[in-house]
Amino acid sequence: LVLLKIKVDVAALKDTRFSDKNATSNGHKQGPTLEDLKRVNIAATRMRNLRKDDSYFAHHQAEVMVKRHIPIEYIINIDNPDRIL
């Protein structure tokens with residue numbers, strides 16, 4: 001399992017959408033606009049070791065959804081991905 005780091009520029013790709021929580025969860029909000037991106041709690045997405053009962057857990061699972069694929073030039077660490085244990 002590895003973590004790939006993606007350039008922020010991917011947010012501007014056509015058909016990219018932003019979800020404030022896991023996109024399969026009830027009550028999430030998503031869309032393609034800057035306002036949709038502003039709903040994402042960036043601080044919550046950076047938190048580690050959250051439990052499901054933590055108030056930030058749902059927002060920790062916010063998503064950037066890219067239609068089709070992410071071009072390789074947008075992947076910063078493609079030659080040296082971070083290993084996740």
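Asn49 to Leu85: FRET efficiency via 1/(1 + (r/R0)^6), r the Cβ-Cβ distance, R0 22 Å, to the nearest 0.05? Mind dumping the intermediate values first?
Working: r = 13 Å, r/R0 = 0.61.
After rounding to 0.05, the efficiency reads 0.95.
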> Along the positive direction of the dipole of the range 40-85 (beta-carbon charges: Lys, Arg +1; Asp, Glu -1; about the Cα centre), which of Asn80, Val66, Tyr56 reaches farthest?
Replying inline: Tyr56
> How much accessible surface area, in Å² rounded to 10, belongs to the heavy atoms of His59 with a 1.4 Å probe?
Replying inline: 50 Å²
> When all alpha-carbon pairs of the chain are counted, what percent fall beyond 22 Å?
Replying inline: 32 percent
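Compute the accessible area per residue over the chain, keeping the other protein chains in place, probe 1.4 Å, unit Å². Before the final figure, lay out the partial values.
Values: 6630 Å² over 85 residues.
Using a 1.4 Å probe on heavy atoms only, each residue of the chain averages 78 Å².
Could you give the dipole magnitude of the range 4-85 about its Cα centre, charging the beta-carbon of Lys and Arg +1 and that of Asp and Glu -1, in debye to the nearest 20? Numbers along the way, then the final one.
Working: 15 positive and 11 negative charges, 28 e Å.
Computed charge dipole of the range 4-85: roughly 140 debye.
Two decimals, Cα atoms only, Kirkwood Rh: what is Rg/Rh over the range 1-42? Can you show the working numbers first?
On the way: Rg = 11.4 Å, Rh = 11.4 Å.
Value, to two decimals: 1.00.
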> Of the heavy-atom accessible surface of the chain (probe 1.4 angstrom), what whole percent is carbon and sulfur?
Replying inline: 52 percent
> Considering only protein heavy atoms, what is the solvent-accessible area of Glu73 at a probe of 1.4 Å, reported in Å² to the nearest 10?
Replying inline: 120 Å²
>> Restricting to DSSP H runs of at least four residues, report the calculated mean residue ellipticity at 222 nm for the chain, -39500 (n - 2.57) per run over all residues, nearest 500 deg cm²/dmol.
In response: -2500 deg cm²/dmol
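The values are calculated or read from the model by the stated rules, or taken from the named source; none is laboratory data. Please read these numbers as outputs of a predicted model, since none were measured by experiment. Please note: Cβ atoms are built from the backbone with ideal geometry, for glycine as well, and neighbour counts cover all protein chains shown. Areas reflect the complete protein model, heavy atoms only, side chains present, ligands, DNA and RNA absent. Shrake-Rupley method; radii C 1.70, N 1.55, O 1.52, S 1.80 Å.
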